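> I have a structure here, written as structure tokens, and I will follow up with some questions on it.
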Amino acid sequence: MKIIGLCVGLLIGFGACQSHRDTVVGIRAEGIPVPEKVVLSISDSTYEIFPDSLGIVRFVLPPGIKGSYASCRWGKLLIPLYLEQGKNLAITLGNERTPVFEGQGAKENEYLNSELFRQVSLNNELEEDRFIGEVKVLEQKLSAYLKEKHLDAAFTDTESKRLHYWVCTLWLQYITPYHRPSDSFYEQLEKAVQEDTALMELPEYRKAWKGLVEVMAMKDLWTRDPYEIVGKQLAYLDERIEDPALSGYLTDEIIVTYIRKYGIAEAGELLPLYRAKVREASKVKALEKLCSKWARIAPGQLSPDFACPDLSGKVVRLSDLKGKYVYIDVWATWCGPCCAEIPHLQKLEQKFATRNIAFVSISCDRNKEAWKKMIGEKQLGGIQLNGGENSDFMKAYMIRGIPRFILLDREGKILDADMSSPSDPRTAGVLEALEGM
């Protein structure tokens, strides 16, 4: 993802710092809070601007926008957009939910921000046949609404396809691990999601395909083993998809998602498949960077250090604990699963109280008072540290979900970067078997 700095100026006077091929998007706020920064996302590019003192931002986009769906993040408000090269757009945000648009392309953007789209939903509790009937009715309703707007012909053609795949993404939500419909349901879904190289830029098209691959891989697979699931997904790609661009995109999504979550220990066979399918140099480079990060926290590697304050404000470092095994719990007071592990962690601490191991709890709470309060109320033991929500230690271990547990040896080397939890019966056995405990 590219993050690009842009000119900032007044909403009016589109010509400033603009060539005839540029596209200008100006936004101003009237009577609503102004965020610290405003973000405009188009395809794989992200543009960021800091509003001026009047609450105005002005994006000047370079040539190359050939009728692109985009989105603008203004605080908590997400504004869907459609931008075309050389067509300037002015947006006014007020207390009303719907933005006001002026300039070329205003009608298309008014349509995209219609109240109708905020009301769209499907009832997943319906019987299968009734649900499919509701899917068809919804698509017909959306198509009729688009037709009655009499918008630009090129936009209408693309938008009709976007609407179809948006409905498909809603359709896919009917299938869950605990609710698998009939074979006929899957067959109708497969017919609805078809290859179209021209639609690769549409997020709804890509999302529909990603969802289809996931549900079709799980259709006859009664397992929760992540590696087996990935294998089934990749096999479905080979069987169903001919378009190299779509195949490459989905291969990247599947394999990168797996490695980001589970690491590279069992990913050896996936990497050659990735290189054979994914040709974009930027994506290959990003995967190599991700694999390098995992290699740095593989068993036997020296652990990334931490330097966090304890309750008294004293900074404690990992190096202070050299000579002891270290069991680390990364948690937060607001995390339900984290708090559910506390009684089990306390039992572990009691069981190994006289042994050569330190139990370290690193909180990622921003609210230090809440953290201190819970430590007192729950009488938490071990070494209690506050790492904050963006600590270098968490980044080094690529922690995206908590609780997370880590086990280190007496030299500070990694034994397990994704150790079992205190509530897992295996944990006490692993600790008991450590040499020199």
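The values are calculated or read from the model by the stated rules, or taken from the named source; none is laboratory data. Keep in mind it's a predicted model, so treat the numbers as computed, not measured. No Cβ is skipped: glycine too gets one built from the backbone with ideal geometry, and neighbour counts run over all protein chains shown. Ligands, DNA and RNA are excluded from the accessible area calculation, which covers all protein heavy atoms including side chains. Shrake-Rupley method; radii C 1.70, N 1.55, O 1.52, S 1.80 Å.
> Using a probe radius of 1.4 Å on heavy atoms only, what accessible surface per residue do you get for the chain? Whole Å² is fine.
In whole numbers, the chain has 53 Å² accessible per residue.
> Near the amide H of residue 46, under 5 Å away, which other amide H atoms are found, from residues 5 or more places off or on another chain, if H is placed in the peptide plane?
Excluding prolines and chain starts, which carry no amide H, the hits are 2, 3, 4.
> Evaluate the charge dipole of region 279-437 about its Cα centre and quote only its size in Debye, nearest 20, assuming +1 on the Cβ of each Lys and Arg and -1 on the Cβ of each Asp and Glu. Walk me through the numbers before you get to the answer.
Working: 24 positive and 20 negative charges, 73 e Å.
Computed about the Cα centre, the dipole is about 360 debye.
> Still on this structure, I have one more. What shape does region 295-437 take by its C-alpha gyration tensor, where a ≥ b ≥ c are the square roots of the eigenvalues and a/c under 1.5 counts as rounded, a/b above b/c as prolate, and the rest as oblate?
Numbers: a/c = 1.45, a/b = 1.19, b/c = 1.21.
The shape class here is rounded.
> Quick one: ranking 180, 130, 279 by accessible area, 1.4 Å probe, largest first, what do you get? Can you show the working numbers first?
Values: 180 65, 130 150, 279 190 Å².
Final ranking, largest accessible area leading: 279, 130, 180.
> What list of ³J(HN,Hα) values in whole Hz, one per residue of region 315-326 in order, does the Karplus curve 6.51 cos²θ - 1.76 cosθ + 1.60 (θ = phi - 60°) give from phi, with Gly and Pro shown as x?
7, 10, 10, 4, 4, 5, 9, 4, x, 10, 5, 10
> Taking loop as defined by DSSP and a crowding limit of 16 other beta carbons within 10 Å, which chymotrypsin sites (Phe, Trp or Tyr not before Pro) in region 313-421 fit?
Values: sites: 325, 327, 331, 334, 352, 359, 371, 393, 397, 405; in loops: 334, 352, 397.
Answer by residue number: 334.
> Could you tell me how far the Cα centroid of region 30-52 sits from the Cα centroid of region 320-334, in Å?
Using only Cα atoms to place each centre, the spacing works out to 39 Å.
> If you roll a 1.4 Å probe over region 227-341 with all protein chains in place, what percent of the accessible area is carbon or sulfur?
The computed percentage sits at 55.
> Still on this structure, please answer the following. Between residue 130 and residue 428, 0.36 nm times their residue separation minus their Cα-Cα distance comes to what?
On the way: separation 298, 0.36 × 298 = 107.28 nm, distance 5.10 nm.
This chain segment gains 102.2 nm when fully extended.
> Rounding to the nearest 20 debye, state how big the charge dipole of the chain is about its Cα centre with +1 on each Lys and Arg Cβ and -1 on each Asp and Glu Cβ.
The calculation lands at about 1300 debye.
> Of 164, 150, which has the most accessible area and how do the rest follow, probe 1.4 Å?
Values: 164 45, 150 155 Å².
Descending order: 150, 164.
> Right, next: Calculate the spin-label point distance for residue 71 paired with residue 32, positioning each point 7 Å from the Cα along the beta-carbon direction, and give it in nanometres.
Result for the modelled spin labels: 1.6 nm.
> Now for a different question. Charges on Cβ only, +1 for Lys and Arg, -1 for Asp and Glu, centred on the Cα centroid of the chain; of 94, 166, 364, which one is farthest towards the dipole's positive end?
The Cα lying farthest towards the positive end belongs to 364.
> For region 374-436 and region 345-368, compute the distance between their C-alpha centroids and round to whole Å.
Spelled out, the Cα-based centre of one part sits 8 Å from the other.
> Could you list, in their original order, any pairs among 76/283; 322/395; 87/147; 373/395; 368/395; 136/161 whose Cα atoms are separated by more than 18 Å?
Details: 76/283 30 Å; 322/395 22 Å; 87/147 22 Å; 373/395 26 Å; 368/395 20 Å; 136/161 14 Å.
Check vs 18 Å cut-off fails for 76/283; 322/395; 87/147; 373/395; 368/395.
> Excluding residues on the same chain fewer than 8 positions from residue 413, give the aspartates and glutamates whose Cα lies under 15 Å from its Cα.
305, 320, 435
> Please report the accessible area of residue 129 (heavy atoms, 1.4 Å probe, ligands and nucleic acids excluded) in Å², nearest 10.
Estimated to the nearest 10 Å², residue 129 gives 120 Å².
> Explain nothing, just the number: relative contact order of region 264-411, from Cα pairs under 8 Å at least 6 residues apart, as a whole percent. Display every interim value, and only then the final one.
On the way: 180 pairs, mean separation 45.1, N = 148.
That works out to 31 percent.
> Oh, and also: Per DSSP helix of 4 or more residues, -39500 (n - 2.57); summed, then divided by the residues of the chain. What does that give at 222 nm, rounded to the nearest 500?
So the helix-based figure for the chain works out to -12500 deg cm²/dmol.
> Mind checking which aspartates and glutamates have their C-alpha under 12 Å from residue 219, skipping anything on the same chain fewer than 8 residues away?
183, 187
> Of the labelled options (i) 19.5; (ii) 34.7; (iii) 25.6, which one gives mean projected area of the Cα convex hull in nm² as computed for this structure?
Looking at mean projected area of the Cα convex hull in nm² for this model, the match is (iii).
> Within straight cross-link reach of residue 285, meaning Cα distance under 17 Å, which lysines are found once same-chain residues fewer than 8 apart are removed?
Cα-Cα hits under 17 Å: 2, 277, 293.
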